[in-house]
Amino acid sequence: MSGGTTRAPRARRRSLGDRRDAGAPSLSPRERRVLGWLPLPALGLYLLFVVGPILAAGGLSLFDWDGIGPARFVGMDQYARALFRDPIFARSWTNNLIYVAITLVVEVGFGLLFAAALQARLPGAGFWRALFFSPMVLSMVVVGLLWSFVLNPEFGLLNTMLRRVGLGTWAMAWLGDERTALLSIALVSCWRYAGFYMALFAAGLRRVPPEVLEAARLDGASEPKLFTRMTLPLLAPVTAVALLLCVTGGFQAFDLFFVMSDGGPFHSTEVPALWMIKKGFNRQSLGYGAALGVILALVVGGLGAAMRKVKDDR
Amino acid sequence: MNTERFRARLTGACRGAALLLLTLVALASLLPLYWMATGSLKLQQNAMSVPPEWFPQHPTFQNYQKLLFGSKPVLRWFLNSVVTASAIAATAVFTSTMAGYAFGKKRFPGRSVLFGLIVVTMILPREVTLVPLLVLMRQLGWVDSYLALVAPFICYPFGIFLVRQFMQAVPNDLLDAASLDGAGEWATFARVVLPLARPAIAAVGIFAFVSGWNEYLWQLMLLNREEMLTLPVGVSKLVSSLTSFDMGVAMAGATFAFLPMLIVYLAFQDYFVRGITIGAVKG
């Protein structure tokens with residue numbers, strides 16, 4: 001390898017280091033006073049509308065309360081109920097795990113694939129990028145409605161097309177069938193999010209110094225090898241972010257499930273967030289809903305923290 | 001030399017395969033949208049025809065007429081969404097810029113703890129805060145008001161994160177020069193930081209606008225009065241109340257709900273990509 005290519009990444013690293021060290025210019029007392037003000041609006045609202053309600057949910061989960069009358073303190077009983085006496089809650093976690101597994105493979109995988117394909121200096125790269133990202137701006141509700149139309153058993157686009165090409169026996173009630181409902185929703189989610197991961201990976205790829213790849217190319221590495229040996233390792237930090245977002249986001253999935261199936265049929269698409277909302281907005285089980293929410297938050301927060309730790313340790 | 005030619009051919013094959021893959025996936029992913037958008041322009045009997053009519057033979061705005069001037073105040077919903085999303089974008093830009101600058105460039109006690117907290121809430125399920133937040137809104141008497149639609153989203157963690165990432169990349173010399181010139185902290189902020197951060201600010205504004213527009217659960221739970229509904233909530237309620245005899249109107253409703261975001265996206269595409277680029281640099 002030539003000296004030029006090894007120098008480039010090193011120079012890059014140094015500039016990143018500088019940035020971190022340069023933290024803060026020294027401050028006069030007057031400046032310190034002003035500084036305290038800058039984050040205040042954000043932090044105040046944050047306390048009122050985020051931290052406050054989280055604490056309130058934690059408190060609420062210890063009570064049996066109908067929203068009006070006196071609340072009865074029940075301690076950890078709501079949690080015991082959630083963990084040991086609620087088979088639907090357990091089922092919802094299994095469903096969510098399957099959903100996250102599918103989205104992880106398909107969304108992140110296709111995202112990477114698209115980004116790599118765009119990297120191949122194709123004609124109209126900007127056009128493709130814009131196109132694949134576009135579902136990201138659609139609201140989940142609209143996406144849910146759109147795909148409910150597409151998956152409609154009678155006049156939906158999918159079944160119509162299947163019948164058209166002679167696969168009529170495959171046509172089915174995609175969202176009404178226990179066997180396909182969860183898979184269908186997971187794939188719809190992939191349709192919406194793959195473009196986001198593509199943009200994420202594309203941003204990462206743009207930061208891979210071309211000289212490094214060029215040098216490896218000159219050394220005789222083939223394109224696929226180049227991708228697995230050079231590009232992928234260089235992309236590792238972005239991949240970590242993508243996985244983190246996909247997993248923590250996946251366990252909060254709500255909108256699509258709510259619009260497309262509302263947990264049915266027979267709870268085959270019940271997910272924790274949806275179950276929690278159903279419980280939390282039922283006057284009989286405000287406290288129980290709060291407990292489910294706290295469990296969900298702990299799991300997601302724990303997963304996020306664990307994944308960040310793994311990433312930082314590497 | 002032989003291997004070189006082979007490699008050139010291999011690269012060519014890779015590009016061909018990539019192009020093919022992209023085209024196929026693009027077609028597959030666009031088809032449903034196209035089907036719905038054209039379906040909204042068809043008469044009822046044509047919208048459900050088998051096989052589907054790929055190009056509407058008799059395009060009509062009848063469905064839109066029924067949708068917009070029917071029994072439901074759909075135009076008011078649209079206006080509600082515009083007001084809500086704009087207010088969220090404007091206020092989120094304000095708080096994110098100030099906080100992001102402080103987190104990115106200044107050292108103050110508790111900085112890393114506070115920032116860590118904000119990052120954590122980016123990934124925490126919002127569903128958790130829903131019930132307490134609703135109780136709070138009821139106590140404030142804000143149910144069915146724009147205030148309640150906007151207030152919980154003024155502090156926009158992703159925006160703070162984005163501005164902070166951006167500010168960290170701004171050399172300190174620029175800020176130091178301003179303070180050496182005798183500019184106070186506020187003057188530096190207004191005259192140096194804000195103009196510098198314009199790309200990040202624009203990205204925050206657009207992201208906040210889109211997420212404000214698309215926020216569904218909160219709006220659904222909060223709103224009762226029909227004329228206060230937002231477009232996504234109203235349309236989803238409307239569509240679920242329609243029978244399959246009104247499929248054309250349902251499709252018109254869904255199309256009308258996504259068109260504004262598509263236009264925003266096409267107009268500000270670059271900022272979306274830039275926002276993601278800034279955010280992806282350091283996760």
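Every number in this text was worked out from the coordinates using simple rules, so none of it is lab data. Nothing here was measured: the structure is a model prediction, and the numbers come from that model. Virtual Cβ from ideal backbone geometry, glycine too; neighbours counted across all protein chains shown.
Couple of notes before you dig in:
- Angstrom value of the Kirkwood radius, inverse mean 1/r, which spans all Cα pairs in the protein assembly as shown: 26.1
- Charge dipole of the protein assembly as shown (Cα centre as origin; +1 on each Lys and Arg Cβ, -1 on each Asp and Glu Cβ, all else neutral): 1520 debye, rounded to the nearest 20.
- Per-residue Cβ neighbour rank within 10 angstrom, fewest leading, A:HIS267, B:HIS58: B:HIS58, A:HIS267
- Relative contact order (%) - chain A, alpha-carbon pairs under 8 angstrom, separation at least six: 28
- Here the extension length gained between B:LEU174 and B:LEU259 equals 26.4 nm, from 0.36 nm per residue of separation less the Cα-Cα distance.
- Placing R0 at 30 angstrom, the Cβ-Cβ distance between B:ALA267 and B:THR60 gives a FRET efficiency of 0.60 after rounding to 0.05.
- Between the range A:285-300 and the range A:219-235, the alpha-carbon centres lie 45 Å apart.
- Computed from label points 7 Å out along Cα-Cβ, the spacing between A:VAL165 and B:LEU147 is 5.6 nm.
- Label zone of B:ASN224 (point 7 Å out along Cα→Cβ, amide N under 15 Å): in the range A:272-288 this covers A:282-283.
- Over every Cα atom in chain A, the radius of gyration and the widest Cα-Cα span, Dmax, amount to 24.7, 78 Å.
- Partner aspartates and glutamates whose Cα lies under 19 Å from the Cα of B:LYS72, excluding those fewer than 8 positions away in the same chain, are identified as B:ASP144, B:GLU226, B:GLU227, B:ASP246.
- Exposed loop positions in chain B were taken to be chymotrypsin sites (Phe, Trp or Tyr not before Pro) whose DSSP state is not H, G, I, E or B and which have at most 14 other beta-carbon atoms within 10 angstrom. Between these positions, the longest stretch is B:70-283.
- The range B:87-167: mean projected area of Cα convex hull, nm²: 5.9
- B:CYS155 sits among other residues whose Cβ lies under 15 Å from its own Cβ, and their net charge, with Lys and Arg +1 and Asp and Glu -1, is +1.
- Sparse packing (at most 15 other Cβ atoms within 10 Å of the Cβ) combined with a DSSP loop state is found for the following trypsin sites (Lys or Arg not before Pro) in the range A:141-218: A:ARG179, A:ARG207.
- Packing-based exposure ordering (other Cβ within 10 Å, fewest first) of B:ILE276, B:ILE160: B:ILE276, B:ILE160
- Label zone at A:LEU243, where the point sits 7 Å out along the Cα-to-Cβ direction: the range A:69-103 residues whose backbone N lies under 16 Å: A:100-103
- Of A:LYS311/B:LYS105; A:LYS278/A:LYS309; A:LYS279/B:LYS237; A:LYS279/B:LYS42; A:LYS311/B:LYS106; A:LYS309/B:LYS237, pairs whose Cα-Cα distance is over 31 Å: A:LYS278/A:LYS309; A:LYS279/B:LYS42; A:LYS309/B:LYS237
- Rounded FRET efficiency, nearest 0.05, which uses the C-beta distance separating A:ARG179 from A:ALA101 and R0 of 25 Å: 0.90
- Around A:VAL142: net Lys/Arg minus Asp/Glu count, Cβ-Cβ under 11 Å: 0
- Using the alpha carbons alone, the radius of gyration of chain B stands to its Kirkwood radius in an Rg to Rh ratio of 1.08.
- Spin-label pair A:VAL51/A:ASN282, simplified geometry with 7 Å Cα→Cβ offset, distance in nm: 3.4
- Span-like helix ranges in chain B, DSSP H, alpha carbon extent 18 angstrom or more, Kyte mean at least 0.0: B:2-39, B:74-105, B:111-123, B:127-140, B:198-214, B:247-281
- Per-residue Cβ neighbour counts within 10 Å put A:MET307, B:MET122, A:MET198 in the sequence B:MET122, A:MET307, A:MET198, beginning with the fewest.
- Alpha carbon centroid spacing (whole Å) that separates the range B:102-164 from the range A:64-106: 24
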